[in-house]
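> Sharing a structure below in structure tokens format, with a few things to ask.
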């Protein structure tokens with residue numbers, strides 16, 4: 001199934017705006033959430049085709065939100081790409097172990113991100 005709707009979960013209004021504009025320009029519908037808890041709720045309610053998940057957020061961080069979504073029957077089919085400033089290899093491995101399908105480090109290379117989304 002092709003990706004049409006993407007949920008962007010990030011506590012930074014600037015990052016949400018930049019990602020939303022990039023994705024909208026490339027034909028995707030975008031839903032945004034400003035923290036992990038909001039992201040989990042919107043994922044369950046709106047069932048996006050894919051999620052871009054920040055890691056460092058107040059409250060529920062991206063690792064916990066990803067783990068919650070990938071273990072829930074209603075959302076485990078939704079692929080999650082971690083999109084974060086945490087660039088250490090151990091961070092990437094931990095993100096993938098929580099259930100993410102991929103991991104990109106900010107600042108995001110637009111073409112790299114778009115090709116990863118297209119590959120899903």
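> So residue 89 passes all but one of these: (1) over 18 Å from residue 3 (Cα atoms); (2) in contact with a helix residue (DSSP H, G or I) (Cβ under 7 Å, 6 or more places away or on another chain). Which condition number does it fail?
(2)
> Let me ask something else. Please go through the stretch 100-119 and pick out each residue that is surrounded by 14 or more Cβ atoms within 10 Å (Cβ to Cβ) and either touching a strand residue (DSSP E or B) at 6+ places or on another chain (Cβ under 8 Å) or under 15 Å from residue 49 (Cβ atoms) (or both).
Matches in the stretch 100-119: 100, 101, 102, 103, 104, 105, 106, 108, 113, 114, 116, 117.
Read the figures in this text as sums done on the coordinates, not as results from a lab. Computed from a predicted model, the values in this text were never measured in an experiment. A quick note on method: Cβ atoms are made from the backbone with ideal geometry, for glycine too, and the neighbour counts reach across all protein chains shown.
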